[in-house]
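J.: Handing you this structure, nothing more for now.
The values are calculated or read from the model by the stated rules, or taken from the named source; none is laboratory data. None of the values given here were measured: they were computed from a predicted structure. We place every Cβ from the backbone using ideal geometry, glycine too, and count neighbours over all the protein chains shown. These accessible areas exclude ligands, DNA and RNA; they are computed on the full protein's heavy atoms, side chains included. Shrake-Rupley method; radii C 1.70, N 1.55, O 1.52, S 1.80 Å.
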Amino acid sequence: MPRETPRADGPNPPDPGKQLLRRRAEAAFHTQESAAGAHGAPPSLQAIQTALHDLGVHQIELEMQNEELRRTQHELEASRAQYFDLYDLAPVGYCTLSPSGLIEQANLTLATLLDVARAALIEQRISTFIFREDQDVFYLLRQRLLATERRQTVDLRLARSDGSPLWANLAATLTPAGDGPRNIRLVLSDIAAQRLADEHLRVSHVALKAVSEGVLITGPDARIIFVNHAFTAMNGYAEEDFIGRNCNLLQGPLTDPATVAAIRRALDERTEFRGEILNYRKDGSTFWSELTISPVIDAQGQLTHFVGISRDVTARKMAEQQLVLAREMAESASRAKSAFLANMSHELRTPLNAIIGMSEILSLDPDGPDAGECIETIHENGDALLALISSILDLSKIEAGRLVLENIPLNLADCLRSAVQSLSAAAEKKQLRLDFSIDPGLPATLTGDPNRLRQILLNLLSNAVKFTDHGEIHLSATRGETAPGEPERLRISVQDTGIGIEAEEIPKLFHNFSQVDASQTRRFGGSGLGLAVDRRLVELMGGRIWVDSVPGEGSTFSFEIPLRPCAEPPPERPPSTPTADATLAKRCPLRILVAEDNHVNQRLISLELRRLGYAPDFADNGAEVLEHLEHEPCDLILMDVQMPVMDGLAAAEEVCRRHPAPGRPEMVAVTAHAFADDRARCLAAGMQDYLSKPLRLTKLAGAIEAAYERHRNP
C-alpha cells in the first residue's frame, strides 16, 4: 500500500496555472513581434486587443481547471485518510507479506489481536506469530496459494505476545500480477468465540446423543432435524427415517385422535405440550410414550425450533392397567365374598336351625311320636353342616398350598360304583335313573388319590341330582382325546337332563365365591363352593374341568386327568364297620384315659365310650396325663391336641420319653385340627393314630379296635 506523502510547511508555492499562462502570453507576444518585423510594420491595435482577449479567456480557463484540480486533490486526500481509518480499525486483521514472508504492512486490528505494537510487526516473519504446532499448516496453505493462485483459507492458532494461542481464520490471496514477484495479502479473523460455541455445540450434541430419554428437534414447520440414539432405539427406526419428516409415522390405528389433535394445537399455538400417547414401533408393536414438546423462541420473538423429550412408559402403563384390573378384580371378589358370606350364613343357619329346633322338641318330649324323625333330622343336618365345613377347609387348604394328593393304586370301577351308590337313594326319591359306565379299554387299576377322586364324583353327582327333576343321570369314564405323542388322559363325565345353565353364567361356575344367579340359589340351595373345590382338585391332579350345557335340556360336567395305569393291585377294602355297642369293651378290653379340656366334649366322648362298654378316666391337659400315668396305668390315651398348660403334642413326646416301648400306652389324637400336616405332626410326636372332630361313634370304635390289636401285638 502506498505510503502517505508528507505535506510541506511554510508559504504557499507559486500557482502553476498562472505560470503557464504567463509563458503562453509571452510566446504569443514574441510571435506577433516576429511577424510584424517580417512585414516591417508593428502590430496593429486591433491585433493587440484580440491577443489580449484570447489571453484573458485562456487565463480564466486555466484558473477554473486549477480550482477543479485543487478540489479533486482535497477529496483524494480525504478518501485516503478514510481508507487508512477503515484499514486500521477493521474488525479483522490485515497484513501484506513480501515474497520472502516478511510483514510489509499491518493494520492496528492485527496488532491488537496479537497484543503487540504495530511497529513490532513490520519486517517480521509471519511465522513468528503463528503457534509452533500450526506453522506447518500455514506452510502448506502458502504452497497451495502459490501453486493455484486462488484464494486459500485455513483455521490455525496465532501466538500472542504472552505465548497464549488465539484461534483465527486465515484467508490468503496474491496481489495483482506485475513486473516483479507478487506479495501475499492475509486477512485474519478472530474465531475463538466461534470455536468455543462450536465446542459447546459438539458437547451438547454428544450429550443429547447419550441421554437415556429420547430427544428430537424440529424446525418451525415441525419437520425433524435431529433425533438421538435413545429415540431411535425406542421405536426401532433409523435416524435417516426421521430427518425431514414429522412424527406422524409413529402413529397407528390405536393412537388416540384427541391426543394427536392436542399436540397439533400446541404446535400451532406455540405452547408446551405434556401428555402420553400410544405410538407404534417400526415392527408394528405398540408402546406408550410420555411426551413433552417445548417451543424455542429467539430474542426477536420468532419461533425457531421445537424440542421434544420422549420417555417409554409402557411398563408403567402396563402396571397401571394391571393395577386397575387387580382393583376391579378385588372389588368383584369383595362383592362375591359379601354375597358368599350372606349365602354362607344362610347355609350355616339352615342346618343349625334344624339341629337346634329338633333338639329342643326332642328335649321336651324325648319319648314322643316324633322322636325318631327329630333324631334323623338332626343327623342329616349335622352331616350337611359337616360337608359344608369340609368344603371350606378343603378350599382353604388348597389355596394355602397345604393339600397333598395321594398317589396310590385305585380301582376305577370301585370309585365310580361307590359314588353312584352314595347318591342312589337321593335319585330314587326323585325317581331319577342313575347309572354309570366304563370304557372296557381302560386299565382296571390306576394311580391316584381315590378319596379326592370320589369327592369330585360325589359333588358332581350331587349337583346333578339337585338340579334334575326328571329323566336320568349318567356317569361315564372314557379315554380323553389327545394328539399323537401326548400322554393319555382319563375323561370322566356326569350327564344329566336337568334345568341347564345359561351361557353367560357358565364362566362363574368354577370360581371361588361365585354362584349362578340368586334365584336358583334360593330355589336349590348350596354354598357354591363345591365346583370351586372340584376345579382346584382337578388342577392339582394335572387336569382340567369344563361344562357343556343347554338351558332346559341338561348339562354335562367333564374333567380330564392324566391316565396313569398301575400294575399293583389296589389295597384291600377296609374291614366292615365294627359293631358300635357294649360288646366292643368285652372284645377289646382296654383301660382308656381321655385328655380333653372342653367339658362338653368330655361329656360327649364319655357317653360314646360308655355306649361301647368302657369307663374312661379324664385329664384336663397334658400335665395331668403325665401325673395320671405316674399313679394309674392305662392302655390307650385319647389325646386332644390343643389344651392349656401342656398341649397334646408335648404330652405325647414326654410320654414317649418317660415310658419306653413296649409297655407304653397307645395314643390316638382326637382333635379339631383336620389338615394333613396336622395328622403328620401328631404321628411325629409319637401318637399311633388320628381322629378328627366331629367324632363318629363308628370311627371311634374302629380306632379302639386297631389300638387293641397294636397293644396286643406290639
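J.: Please give the per residue accessible area of the chain, computed with a probe of 1.4 Å over protein heavy atoms only, in Å².
T.: Values: 41650 Å² over 714 residues.
Computed with neighbouring chains in place, this is 58 Å² per residue.
J.: Of all accessible surface on the chain at a 1.4 Å probe, what whole percent is carbon and sulfur?
T.: Looking at the chain in its full context, I get 54 percent from C and S.
J.: Is there a pair in K430/K508; K209/K317; K429/K466; K466/K693; K337/K429; K430/K699 whose C-alpha atoms are over 22 Å apart, and which pairs would that be?
T.: K430/K508; K209/K317; K466/K693; K337/K429; K430/K699
J.: Of the DSSP beta bridges with both residues in the chain, give the percent that are antiparallel, rounding to the nearest 5.
T.: Bridges in the chain are about 80 percent antiparallel.
J.: Let a ≥ b ≥ c be the square roots of the eigenvalues of the Cα gyration tensor of the range 142-204; is it rounded (a/c under 1.5), or, if not, prolate (a/b larger than b/c) or oblate?
T.: Numbers: a/c = 3.69, a/b = 2.13, b/c = 1.74.
Note, shape of the range 142-204 comes out prolate.
J.: Let me make sure I get this right: for the range 308-415, a, b and c are the square roots of the gyration tensor eigenvalues over alpha carbons, sorted descending. Under 1.5 in a/c it's rounded, otherwise prolate if a/b > b/c, else oblate. Which is it?
T.: oblate
J.: Relative to the compact-globule scaling 2.2 N^0.38 Å, provide the ratio for the alpha-carbon radius of gyration of the range 225-362.
T.: 1.97
J.: With +1 on each Lys and Arg Cβ and -1 on each Asp and Glu Cβ, and nothing else charged, work out how big the dipole of the range 380-495 is about its Cα centre, in Debye to the nearest 20.
T.: The dipole magnitude comes to about 80 debye.
J.: Per Stokes-Einstein, at 37 °C and 0.692 mPa s, what whole-number D in µm² s⁻¹ belongs to the chain, with the Kirkwood radius over Cα pairs as the hydrodynamic radius?
T.: 83
J.: Still on this model: Can you work out D for the range 55-211 in µm² s⁻¹ from Stokes-Einstein, where Rh is the Kirkwood radius over C-alpha pairs, the temperature is 20 °C and the viscosity is 1.002 mPa s?
T.: Taking Rh from Cα pairs, D becomes 115 µm²/s.
J.: Starting from the amide H of L97, placed 1.01 Å from N in the peptide plane, find each other amide H under 5 Å away whose residue is 5 or more places distant or on another chain.
T.: E104, I184, R185, L186
J.: Tell me which residues come under 5 Å, amide H to amide H, from L434 once H is placed; ignore anything under 5 positions away on its chain.
T.: So L434 has HN proximity to I473.
J.: Tell me, how many Å apart are the Cα centres for the range 361-378 and for the range 128-199?
T.: The range 361-378 and the range 128-199 have Cα centres spaced 125 Å from each other.
J.: Another question, if that's okay. Under a Cβ-only charge scheme (Lys and Arg +1, Asp and Glu -1), can you give me the dipole magnitude of the chain about the Cα centre, in debye to the nearest 20? Can you show the working numbers first?
T.: Numbers: 74 positive and 99 negative charges, 356 e Å.
Dipole magnitude for the chain comes out near 1720 debye.
J.: Using Cα atoms only, what is the angle between the long axis of helix 622-631 and the major principal axis of the chain, expressed in degrees (0 to 90) to the nearest 10?
T.: So the inclination is approximately 40 degrees.
J.: I need the phi-derived Karplus couplings for the range 607-621: 6.51 cos²θ - 1.76 cosθ + 1.60, θ = phi - 60°, integer Hz, Gly and Pro marked x.
T.: The phi angles translate into 4, 5, 5, 5, 4, 8, x, 9, 10, x, 9, 10, 9, 7, 6 Hz.
J.: List the residues whose amide H sits under 5 Å from the amide H of G448, counting only those 5 or more places along or on another chain, with H placed 1.01 Å from N in the peptide plane.
T.: Distant-sequence amide H within range of G448: I408, L410.
J.: Also, I was wondering about something else. Using only the alpha carbons of the range 403-485, what is the convex hull's orientation-averaged projected area in square nanometres? Walk me through the numbers before you get to the answer.
T.: On the way: hull surface 27.7 nm².
Taking the Cα atoms of the range 403-485, their convex hull projects to 6.9 nm² on average.
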